[in-house]
Amino acid sequence: MNTQGTHLIILRCTLDGTVQEIVANPGMLLTALKPGESFIQFISPGSIDKALRLLKELRTGAGGVSWELNVALEKGIQALRFSGFRDGDTLFIGAAIDDTDISLMQQDLLRIANDQATALRSAIKRQYDLALEQFQHGGDRYSELSQLNNELINLQRDLLRKNHELERLNTFKNELLGMAAHDLRTPLSVIALYSQYLLEETETEISDEQADLVREIVNASDFMYKLVSNLLDLATIEAGRLQLECQAVDLAAIIAHNARLNSTLAQRKSIRIVTDISPKLPPVYVDAVKIEQVLNNLLANAVKFSPAGSVMFVAAHPFPAGSGEMVAVTIQDQGPGISEEQGKKLFQPFSRLSPRAPGGEKNSGLGLAISRRIIEGHGGQIWLESKVGEGAAFTFTLPIASGDEAQLLVIEDHFLEDATLSGGQPSA
């Protein structure tokens, strides 16, 4: 491997961009990069969309040549030139700064590609030699191997065809789900509005039993309205149409606002919300409306699962501590907690976990799945830390705003691939 360059790096990654091995990093260009982390998290927010398109092109096998992306280095934002290629289930990605190291990086990638091709040819030759040896020692054995190989090829073709069919059906499902949710939302909002009006205007004129029935209608219609709204959000996201209108915003103000909104619900259960926000919290580059949706979901869940008279904590600090690369927001409750096994399913759509909420509140099982996709769409991560009987703490990270962000960031279908998060905390 060439080590003459000082401003280049070669990475071996999974198909979703998670680093498996740092093949070359002679000048320690990315000192904080570790295996197990996504190389996307080092890309400046304004270049994330372009980085995702690079990954998509590499996954298709088209290869990527000279993609310029802004990367957050120790000295600040630096433009790097990226190239790469796909080898089976592996992506080899290279990056460099100046023309000399770009040339060296591309030579290293070419050398790796040749080595991979040589290894493949050697493996094929070994298989051929084995088959020839079997044939020489008995034609029946060779015939058996040939038949098994043909069966394997047929099975692979069937699997590919079924995968295409599943993809088509999944697209159809998302479209149908989106249309159904869209058509249901308006009449449900009318039912909720009219039933609330009936309750407020006629509560003193009807019997207690009738008032209870109207309250049930109000509660049920409100729950169904939120459910179909979540279904519409999920269908939009899974169809690859999550659009984020990002700009630099004051995250501390958003957190304080949403804490106030949820304090009314918390006060009904005598729950106290305590905030711990860093006094010098930097602005973040996000879609404020979408982040409010995430905060409201996490805060409402924390209130829902907290026992009466308990305390909830909302914290926001630079992440990792002292580095200022991202901002981390944590929402912690004193509820029943979640087991490790259930935590692995937590961010999947329609996941229903036990124990139930102390007050018997309903849950659609969609909020956390939507929140995860929104946070990942911003280039952040979301995870759970919890033990049964000791409450739960949800943490998510967001990119700090810099000076080179675009005003509109459209996230493509990379984040629909459900392969990078298992519910555990990412490597620090």
Ranked 285, 197, criterion: other C-beta atoms within 10 Å, fewest first: 197, 285
Sorted by Cβ density within 10 Å, fewest first, the residues 31, 204: 204, 31
Karplus-derived 3J(HN,Hα), 6.51/-1.76/1.60, for each residue of region 16-23, Hz, glycine and proline x: 9, x, 6, 6, 9, 7, 8, 5
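What is the gain in length, in nm to one decimal, between residue 56 and residue 296 on full extension, counting 0.36 nm per residue of separation less the C-alpha to C-alpha distance?
Additional length available on full extension: 83.2 nm.
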Region 8-114: Rg to Rh, with Rh as the Kirkwood radius over Cα pairs: 0.91
Separation between Cα centres of region 66-122 and region 191-214, rounded to whole Å: 67 Å
Residue exposure sequence - 254, 10, 153 - by fewest surrounding Cβ within 10 Å: 153, 254, 10
Selected from 40, 100, 78, residue furthest toward positive end of dipole (region 8-114; charges at beta carbon): 40
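Read the figures in this text as sums done on the coordinates, not as results from a lab. Quick caveat, the model's predicted, so the values are computed rather than measured. Note that we place each Cβ from the backbone using ideal geometry, even for glycine, and neighbour counts take in every protein chain shown.
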